[in-house]
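Presented below is the structure to which this report refers.
The values are calculated or read from the model by the stated rules, or taken from the named source; none is laboratory data. For clarity, every value in this text was computed on a predicted model and none was experimentally measured. Quick reminder, even Gly has a Cβ in these numbers, built from the backbone with ideal geometry, and neighbours come from all protein chains shown.
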Amino acid sequence: MKKLFALCGLALMSVFAMAATEPVVEASETTETKVLHPFKDFSHWSIQLNGGFSQFDGDALQRYDQILSASTLLWTVGLDVEYSFNPAWGLIANFQYMPYQGNTSSTKYGKHYIRGNMYSPSLMLSINLLNMFGQYRSNANWSWYINAGVGMTFYDVYDEPTGDNSAAEATPAGIEGGKSIAIPLGTQVEYNINNYLAVGLSGYYRLHNKDNFEGQDYTKGTMNDGEFYVTASLRVKLAPNAKEGGHVRNLSMMDYNKKVSGQSNLESRLDSLEKRVKVLEDTVANNILPRLDELEKQHATTPDEDGDGVPDFRDRQANTPKGSFVNYWGEGLPQEVLNADCCDQVKKVFSALGVDPSVDYDMSVYFAFDKSNIANKYRKNIEKAVAKLNENPEMKVELRGYCDFPGSDNYNLKLSERRINAVKAELVKAGIAEDRIILQPQGALPNPPKAELKNRRCDFFFY
């Protein structure tokens, strides 16, 4: 009967193992979401040391009102090496040492004291019921295992007669080199202390197919000698952080399935993206938007006296005519930029606004090196400017003065100012009103940095 129970237990364990095995998605370089390989990307090995108490269950002397055998309660130690295929099931290689002793009594052979040792290696299938039936539990701190398997027990036993055995037949002194098939069945509750260690409490019954563990090989029975044992255990999970997925004994089935299907990686990416979006939202709401509002307020209230689109607090040339082509700092661009081929579109814009920013080099007034007086040959250019202004009384003129490269910035700025003032004086002398003349000293031309005549000039810009 006990053998039937054992076989049924093994069959149930096999069914549980197949039920616990779930199809997984293989890792692929073409998938957008990274999936983990169920074997390569997880740690699986662990070692467990156990110790506790054991009691022999055989033909030892016992009374009718006893539940357990009357054999002596002794100690036991064992070692397990386990490979966990996934959080639901694994395979255990176990070795258990179990000493035993007790007393036998019969009318035929009299009373005897027996003592022996069992050395029992076995392979067991282990099913974690909490992970198998609790597919959606949030953590794997607690585990409840059902373990069953098959192995061998090697034993020796010594028989010592006790009391008056004068009428009894002789019994052998002992048996050495005994062998028996062993079927261990047990359950274990385990708690994960951390990623490396776990503690547990287990109870086992080890069934054998032989009935002469008492040393009396002629004893009649039902081949049901066995061994109870209860142990406490300490498990070491090997390399729990060596693989990306961690150790499978530290995972719930839900976490494991997420990792092997890629869902865990996707959730991690979504969490990271959500955090980044939250940071961006906070930055925009608390930093950028208030600054933009402040800039809009400043732009709406900050004066722009010359109407060039650059507020006065940033305008370095606060007297450029309205519609002038200026840079970020409100500075008028030199003739070279406006005459460049790349500025045709800009010229079209000015033309649409009724502005003619083009300047002819032949109309400019040129100066000698480090001089601001006007040579006679350039006075005819001033006369051309006067004629153009007289043709259109609404037109204004902007005088931009430049210097060549030598000299400090401050000196060149003052020199360019003297040059355009000299041209202005000639225009006023010719009858042009001062309010129609705008002065813009530019200083040295940065490009090209040469001491050439064309860089020492005053240009006319008409509006």
*Failed item in (1) at pLDDT 75 or above; (2) assigned to a loop (DSSP other than H, G, I, E, B); (3) not aromatic (Phe, Trp, Tyr), with Leu273 passing the rest*: (2)
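Rundown of residues vs (1) in contact (Cβ under 8 Å) with a residue 60 or more places away in the chain; (2) crowded, with 21+ Cβ neighbours inside 10 Å, yes/no style:
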position: Asn410; (1), (2): no, no
position: Leu415; (1), (2): no, yes
position: Asn421; (1), (2): no, no
position: Ala425; (1), (2): no, no
position: Gly431; (1), (2): no, no
position: Ile437; (1), (2): no, no
position: Gln442; (1), (2): yes, yes
_For the range 95-134, which positions are outside any loop (DSSP other than H, G, I, E, B) and of a type in the set (Ser, Thr, Tyr)?_
Tyr97, Tyr100, Thr104, Ser105, Ser106, Tyr113, Tyr119, Ser120, Ser122, Ser126
*Hey, Asn224 hits all of (1) in a loop (DSSP other than H, G, I, E, B); (2) modelled with pLDDT of 95 or more; (3) not β-branched (Val, Ile, Thr) but one; which does it fall short on?*
(2)
*Looking only at the range 245-270, which residues are among the small types (Gly, Ala, Ser) and either at pLDDT below 80 or closer than 15 Å to His37 by Cα (or both)?*
Gly245, Gly246, Ser261, Gly262, Ser264, Ser268
*asked:* Among the residues that make up the range 50-73, is at least one of them over 14 Å from Phe228 (Cβ atoms), surrounded by fewer than 16 Cβ atoms within 10 Å (Cβ to Cβ), at pLDDT 95 or above and assigned by TED's automatic domain parsing to the domain that holds Ser202?
replied: yes
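Each row is one residue, and each column tells you yes or no for (1) assigned by TED's automatic domain parsing to the domain that holds Asp255; (2) modelled with pLDDT of 85 or more; (3) not in a strand (DSSP E or B).
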| site | (1), (2), (3) |
| --- | --- |
| Tyr136 | yes, no, yes |
| Ser143 | yes, yes, no |
| Gly149 | yes, yes, no |
| Met152 | yes, yes, no |
| Asp159 | yes, no, no |
| Asn165 | yes, no, yes |
| Ala168 | yes, no, yes |
| Thr171 | yes, no, yes |
_Yes/no for Gly186 being small (Gly, Ala, Ser), part of a strand (DSSP E or B) and modelled with pLDDT under 90_ = no
*Collect the residues in the range 395-432 that are charged (D, E, K, R) and either farther than 18 Å from Thr320 by Cβ or in contact with a helix residue (DSSP H, G or I) (Cβ under 8 Å, 6 or more places away or on another chain) (or both), keeping them in residue-number order.*
Lys396, Arg400, Asp404, Asp409, Lys414, Arg418, Arg419, Lys424, Glu426, Lys429
